[in-house]
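The values are calculated or read from the model by the stated rules, or taken from the named source; none is laboratory data. As the structure is a prediction and not an experimental result, all values here were calculated from the model. So basically every Cβ, Gly included, is an ideal-geometry build from the backbone, and we count neighbours across all protein chains shown.
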């Protein structure tokens, strides 16, 4: 169903995701010049090609499309990927967390009750690899294309069906994968920018979170029942 | 073969709160003490510094200060007929690791149990008749009373610089404090923290309904404070990061702040980190533990550390595991009800609520847990249980603040969890909500216990602890009752909207609920029904003293740390005044 001879980047633009994944790291300018369809999210000046640590081109395209569907560009913030959330996820999965640091990984690996929590042998990196493949397999069956190549409304529908557990992935829990995807997306959006997401503290500005230094000993009195008016600061602003 | 080291007077297995208290008391009495800690050292001036401490991803999401599950974890199942599976990553509860233990990342809420909590089985029998206590509810009286522990509660309060307002000072009921508490011999060392705007709304509503609101007692010093050890704590910065993170201001009390500076300077104390104790060396005939065996994680060498006194000061699960592995005391058998080690595991049954206030600016990111206001009207035996169909209770706390944005956001029920509509709602509500919690008791039940897992092992090849636990009908009824009363308070606060969050039927290992695990090596009045006596001395090994919440016979409606600290001071006093002079059983069975 997917014509692998066509470079993924072209499809990305076709799907309306401006300036995202350049798998080869080539200047995306010609692609960005293509006219996006009506449903396209607002392109943002911060969007630029990313260098990926662990995600392959298909995965990078998926993650970018997924986080931009979960957190789209609007008048509150640029899209999640423009805020660095896809980069955040790539770095997290490439690092200690993604490699299963602090995770008990002795067998036997048996299927448990939901009450018993995560019971797979997969590291987070491999879990996302499997989840992305399962999602694309399902959207190809259902919508005729990989997730990132779907129109925005179809991507929203796909995620909603996953969230509700209605998406019937082959041999994989769509609901569990959705929850993992949503959790890491929110971590990337709201964590300190030193991890690659929340660029220019866009998420913190959005909700009115001042970040650091968070030493409010006097402010709790000054700003009692009052809006705090200082611009946010990151860990990087204190080094 | 383990290399045998030179004998010391006392060895601590674990260097969190109780290891540090005991080490300090014993070195002060002239004993040479070695503290073994399997985690890393944690030094505030180096490890807990700005700006990096204000990192919600690192500490709250990636759990930097918690026990490493890849080295050691436990298995879990809801019921005895299920197959237990390992907790591969902690969720419902978060035991700490390294010097300071869970005391580095606690929220600091610092409570005493009620005088009636210590005699709970007798009190229930007196008030409702012995037959009213269900057969499967295996609660017991504590072998120590509130009055006996009070001086030690007071010592621990002063070590930590607890901030609060007394409600019962030497029998005199004091307005503005907790009027239900047992008599205190002294006022709190520090004044309460400044209550949050949301907390004051709750206080006003609670008062209008005839309840007795007061500022929650907390181990964050509200002002700079020098404790009796001569260590100075800073004033709370209201940063909002207490839970899961340490404190750069040295305002939140932990053993690394309040005691370790003194111990580190004491030649009678030696700290060995990355020392993973694998077992106790038990001489059953002599009824003594002659020492402990540990693996130095830095070089893989195994050592035997002989000691005159052995103090088990690990977490609840580790303490119980050491006893079961060494065969000290009879393991609990759920089928027959006989045996004691692993019996009466209990937990905290917390359920909460959120209320949204469109027109109030509540600055969710500022603050400390100590800014909460609470009521204790529905805790323990503070209210009549006649006709209610359950026993137990808990305090209610509420307030705004202390909610960094990864985990601290709240939107009203029914709001989408993603997309533009979610963003708009998040912006609208992030600084406009109040959170509530009911800190419910868990009265021990026959079916909730700890034993050794038959399948899964830790990094040293030892069987993991197996946790069999589920919420009981009693606890669900109790919690529903508390939420009903809480809902009345919330309504009186007149919010734009609110929602109650009852617990699901089954206990689940995710998401986070509470790190108030208790029991497994319960204290009691005789060796048939308990593992340690009233001085925390093991009935079957007189030089072994077990510290921490593993000795609780059941869990009451309060955070456990205040009682954990008091019990350690009480136990230390018995060791110094009695045991050292005349080693042997302090209570004759």
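Observations, loosely collected:
- Scanning region B:398-426 for residues that are more than 8 Å from chain A (Cβ to nearest Cβ), crowded, with 23+ Cβ neighbours inside 10 Å and outside any loop (DSSP other than H, G, I, E, B) gives B:398, B:399.
- Sole exception among (1) within 14 Å of chain B (Cβ to nearest Cβ); (2) surrounded by fewer than 23 Cβ atoms within 10 Å (Cβ to Cβ) for residue A:142, by number: (1)
- Residue identified as out of contact with any helix residue (DSSP H, G or I) (no Cβ under 8 Å at 6 or more places or on another chain), within 14 Å of chain A (Cβ to nearest Cβ) and either on the phi > 0 side of the Ramachandran plot or at pLDDT 95 or above (or both) among B:265, B:249: B:249
- Taken over region A:91-137, the criterion of being within 12 Å of chain B (Cβ to nearest Cβ), outside any loop (DSSP other than H, G, I, E, B) and either over 28 Å from residue A:157 (Cα atoms) or over 26 Å from the mean Cα position of the chain (by Cα) (or both) is satisfied by A:115, A:116.
- Scan of region B:470-488 for residues that are in contact with a strand residue (DSSP E or B) (Cβ under 7 Å, 6 or more places away or on another chain) and crowded, with 19+ Cβ neighbours inside 10 Å, ordered by number: B:471, B:472, B:474, B:475, B:478, B:479, B:482, B:483, B:486
- Single match in A:234, A:173, A:191 (criterion: touching a helix residue (DSSP H, G or I) at 6+ places or on another chain (Cβ under 7 Å) and without any contact (Cβ under 8 Å) to a residue 60 or more places away in the chain): A:234
- Residue list for region A:192-203, filter: facing chain B (nearest Cβ under 7 Å) and assigned to a loop (DSSP other than H, G, I, E, B): A:192
- Annotation note: of B:85, B:109, the sole residue that is crowded, with 19+ Cβ neighbours inside 10 Å, within 14 Å of chain A (Cβ to nearest Cβ) and in contact with a strand residue (DSSP E or B) (Cβ under 7 Å, 6 or more places away or on another chain) is B:85.
- Residues (more than 14 Å from chain A (Cβ to nearest Cβ) and touching a helix residue (DSSP H, G or I) at 6+ places or on another chain (Cβ under 6 Å)) located in region B:179-201: B:182, B:185, B:186, B:189
- Looking only at region A:204-215, and only at residues there that are within 7 Å of another protein chain (Cβ to nearest Cβ) and out of contact with any strand residue (DSSP E or B) (no Cβ under 9 Å at 6 or more places or on another chain), the one that is surrounded by the fewest Cβ atoms within 10 Å (Cβ to Cβ): A:208
- Test: residue in region B:307-325 that is part of a helix (DSSP H, G or I) and surrounded by fewer than 18 Cβ atoms within 10 Å (Cβ to Cβ): yes
- Enumeration of residues in region B:427-458 that are at the interface with chain A (Cβ under 9 Å from one of its Cβ atoms) and out of contact with any strand residue (DSSP E or B) (no Cβ under 8 Å at 6 or more places or on another chain): B:427, B:430, B:431
- Summed over region B:1-50, the residues that are assigned to a helix (DSSP H, G or I) and in contact with a strand residue (DSSP E or B) (Cβ under 6 Å, 6 or more places away or on another chain) give a count of 5.
- Some residue of region B:434-444 being more than 22 Å from the chain's Cα centre (by Cα) and assigned by TED's automatic domain parsing to the domain that holds residue B:380: yes
- Candidates are the residues of region B:490-506 that are under 16 Å from residue B:352 (Cβ atoms) and part of a loop (DSSP other than H, G, I, E, B); the one that is farthest from the chain's Cα centre (by Cα) is B:495.
- Just one of the listed residues (B:4, B:54) is crowded, with 24+ Cβ neighbours inside 10 Å and either closer than 30 Å to residue B:448 by Cα or in contact (Cβ under 8 Å) with a residue 12 or more places away in the chain (or both), and it is B:54.
- Checked against (1) part of a loop (DSSP other than H, G, I, E, B); (2) in contact with a strand residue (DSSP E or B) (Cβ under 6 Å, 6 or more places away or on another chain); (3) at pLDDT below 95, residue B:370 passes all but a single condition, namely (1).
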